[in-house]
1. Could you tell me whether any residue of the stretch 302-318 is part of a helix (DSSP H, G or I), open to solvent by 10 Å² or more (accessible area, probe 1.4 Å) and modelled with pLDDT of 95 or more?
2. Only one of (1) open to solvent by less than 20 Å² (accessible area, probe 1.4 Å); (2) part of a helix (DSSP H, G or I); (3) closer than 20 Å to K204 by Cα fails for E327. Which number is that?
3. Report, by residue number, each residue of the stretch 129-152 that is of a type outside the set (D, E), assigned to a loop (DSSP other than H, G, I, E, B) and either open to solvent by 10 Å² or more (accessible area, probe 1.4 Å) or closer than 21 Å to G194 by Cα (or both).
4. Yes or no: A334 assigned to a helix (DSSP H, G or I) and open to solvent by 30 Å² or more (accessible area, probe 1.4 Å)?
5. Confirm whether L160 is among the hydrophobic types (A, V, I, L, M, F, W, C) and closer than 28 Å to G207 by Cβ.
6. What's the total number of residues in the stretch 47-67 that are without any contact (Cβ under 8 Å) to a residue 40 or more places away in the chain, farther than 25 Å from L217 by Cα and not small (G, A, S)?
7. Could you check the stretch 46-103 and list, in sequence order, the residues that are of a type in the set (S, T, Y), in a helix (DSSP H, G or I) and surrounded by fewer than 15 Cβ atoms within 10 Å (Cβ to Cβ)?
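The values are calculated or read from the model by the stated rules, or taken from the named source; none is laboratory data. Note that the structure is a prediction, hence the values are computed from the model and not measured. Note that each Cβ is placed from the backbone with ideal geometry, even for glycine, and that neighbours are counted across all protein chains shown. Heavy atoms of the whole protein, side chains included, go into the accessibility calculation; ligands, DNA and RNA do not. Shrake-Rupley method; radii C 1.70, N 1.55, O 1.52, S 1.80 Å.
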Amino acid sequence: MKLLGGAIAAVDHGGSLGRASALFPHAPQPFVDLSTGINPHSYPLFELPATALSRLPEAGQLRDLAENAAKAYGAPSAAHVVAAPGTQILLPRVASLVKPGKALVLSPTYAEHARAAAIAGHAVADVNDFEALSDADLAVLVNPNNPDGRVIERSRLLDLAARLRAKGGLLVVDEAFMDVGPTEHSLAGDVGQGGIVVLRSFGKFFGLAGVRLGFALADPLTAERLEAQLGPWAVAGPALEYGIRALADIKWQGDMRQRLAGDAKRLDALLGRFDIPVAGGTSLFCYLSLSDARSLFSALGERGVLVRHFADRPQALRAGLPGSEAEWQRLESALAAWAARRKDTGKESER
């Protein structure tokens, strides 16, 4: 168990092209950004009505959004859905649903959960053992996990939720990547039991991260508490328009899941050609574990291909999907250059 203390510092995330330009000032532009795990094939853009910008959002639109989200995610009803300007803003509010105590986060995972729990006043620790979460007042896990794609079975999650609920605790399951995960292990349909909050991200699967839209799924009383904290007009007009339409577009969602699965297989095969082991992931990203990960990160960055690296896991990288044939070709070229350099370095060391 790793105790987390001291200042509540900001977390370094992927997706910062400004930081990438500073790190690789001579890289060809634009960057091929594979560092975020966001779908590169976004939901089709459409012309927004002028009222999306000129008027405050209507309550009826929020109800429509909640109903569509409940259907898309499998929540019991719209009364179990809280819409917010991204899941990030929900994290400390969800952590505040239980009084400050012991918060345990199943790690390694998305670092913002630990930071949000600390903001809410909890004593926070990482744990690597799922069973250790039973000792928490607030237990947090990501399913499928970011960055390695680990999946915890629904039956085990429900058993943990029951143990926490019996002592007034809370289980938070971040299902940001469940749109491309094994939905039979989602807890979205179980939130009515109480003691469970499920988080769902809109921007990742629909490729519209800038819209800033996310959801908390919970029992109705908990949903009301969260909505009261957010206040009126929490979701902006443009986000409402995109959320209502995209969440109801079942055909697009099904077609996209098939497309992403094909792209993920292509990425695995491409990495395999250069003897880069894929240790996990989802159909939106792959998790790499190799001894010379730093070398690969730098070699790709110098050629304008940005992947995610981790300061606390120097042997790990995460790579998302290229969005066009030109980007696939740039990735392949950068990998080939790195592999050639690695081969030459190996020959030099043998002399």
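1. Within the stretch 302-318, one or more residues are part of a helix (DSSP H, G or I), open to solvent by 10 Å² or more (accessible area, probe 1.4 Å) and modelled with pLDDT of 95 or more.
2. Looking at each condition in turn, E327 falls short on (1).
3. Listed by number, the residues that qualify are A136, N143, N146, G149, R150, V151, I152.
4. Here the answer is no, as A334 does not meet what is asked.
5. Considered against the rule, which asks whether it is among the hydrophobic types (A, V, I, L, M, F, W, C) and closer than 28 Å to G207 by Cβ, L160 comes out as no.
6. Total meeting the criteria: 1.
7. Correct list: T51, S54.
Residue by residue, here is whether (1) open to solvent by less than 40 Å² (accessible area, probe 1.4 Å); (2) touching a residue at least 40 places away in the same chain (Cβ under 8 Å); (3) assigned to a strand (DSSP E or B) holds:
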{"position": "V235", "(1), (2), (3)": "yes, yes, no"}
{"position": "Y242", "(1), (2), (3)": "yes, yes, no"}
{"position": "A246", "(1), (2), (3)": "yes, yes, no"}
{"position": "G254", "(1), (2), (3)": "yes, no, no"}
{"position": "K265", "(1), (2), (3)": "no, no, no"}
{"position": "A269", "(1), (2), (3)": "no, no, no"}
{"position": "D275", "(1), (2), (3)": "no, yes, no"}
{"position": "L288", "(1), (2), (3)": "yes, no, yes"}
{"position": "R294", "(1), (2), (3)": "no, no, no"}
